[in-house]
Amino acid sequence: MPQTPVSLSALSQSLASLGYTVDRCDEQPRRLDVLAHRGRRWLSMTVTRGLFSTQVTVALEGDPSVVELTVRPELVGESLDKLFGVTVDTNVGDVDFDGRFVVASAPADAATKLLPARVRAALRALPAGDGGPVLRVADSVVSLRYEGPADVGTLLGVLGAVEATADAADALYEGTREAVDHGAFRSTAALDRAVDPRAREADRRALRRTRLKFASLVGGTLGVAGLVLEVLSGVLRVG
């Protein structure tokens, strides 16, 4: 299905109304790049039009985050991977969302803070497949990549989800609950926003172990497939 071209003027005006200063717009026949900033955050939008699909990435770069997050669609049959520990998935308490997306977060309990209802709704509204949507929080960048419509309305909706995630990440800070609880300004809100570095590192290690399991599983599967092909080719040569 042909995609509606992005109106650069409408996009620039909409970004300006949100307080962004557009620094650069580069439009080519199959690619659009927009660079803008607002305060300490830098926004980049990239739209790449392929033969059969349009790939979009919206990213905000700001202050370094004390958490990590990856959200992607759940693959067919991946429930079995979860059972064997090949896939780590954190539920956020939204039955429909939890059934459609895999959430990997370090620390794990930060996932619910980074995925408010607005963000979950935006992810559900985007086409799901091999091309995403994939939401990431890593270092100082929050990004959302997907394949699908790239009209101004959709881009602004995606930007809103990225902003909400970035705001939620910025509200968190590194500190143990014990330190916060004994501090002069302890409060329930402060406790909720504290990110224990020990829990974060433990969950990071767990995520790395699952990646190694996945790589081993894929390698073993390819090895078996290669052996089967070798045996079959030998049988055919003998025949």
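The values are calculated or read from the model by the stated rules, or taken from the named source; none is laboratory data. Computed from a prediction, not measured in an experiment: that's the story for all the values here. Please note: Cβ atoms are built from the backbone with ideal geometry, for glycine as well, and neighbour counts cover all protein chains shown.
Some notes on this structure:
- Filter result (in contact with a Leu (Cβ under 9 Å, 6 or more places away or on another chain), modelled with pLDDT under 85 and either assigned to a strand (DSSP E or B) or acidic (Asp, Glu) (or both)) within the stretch 71-93: 81
- Residue that is surrounded by the fewest Cβ atoms within 10 Å (Cβ to Cβ), among those in the stretch 131-173 that are farther than 22 Å from residue 50 by Cα and in contact with a Pro (Cβ under 7 Å, 6 or more places away or on another chain): 139
- In a residue-by-residue description of the stretch 129-148, the property of being assigned to a helix (DSSP H, G or I), free of Cβ contacts under 8 Å to residues at least 60 places away in the same chain and of a type outside the set (Asp, Glu) applies to no position.
- Single condition residue 133 does not satisfy, out of (1) touching a Leu at 6+ places or on another chain (Cβ under 8 Å); (2) of a type outside the set (A, V, I, L, M, F, W, C); (3) farther than 25 Å from residue 14 by Cα: (3)
- No other residue among 35, 60, 114 is touching a residue at least 24 places away in the same chain (Cβ under 8 Å) and either in contact with a Lys or Arg (Cβ under 6 Å, 6 or more places away or on another chain) or of a type in the set (Lys, Arg) (or both) apart from 60.
- Extreme residue, surrounded by the fewest Cβ atoms within 10 Å (Cβ to Cβ), among residues of the stretch 20-70 that are in a loop (DSSP other than H, G, I, E, B) and among the aromatic types (Phe, Trp, Tyr): 52
- Test: residue in the stretch 100-115 that is surrounded by 17 or more Cβ atoms within 10 Å (Cβ to Cβ), under 23 Å from residue 154 (Cβ atoms), modelled with pLDDT of 95 or more and touching a Cys at 6+ places or on another chain (Cβ under 7 Å): no
- Selection status of residue 103, of a type outside the set (Asp, Glu), more than 30 Å from residue 10 (Cβ to Cβ) and not in a strand (DSSP E or B): no
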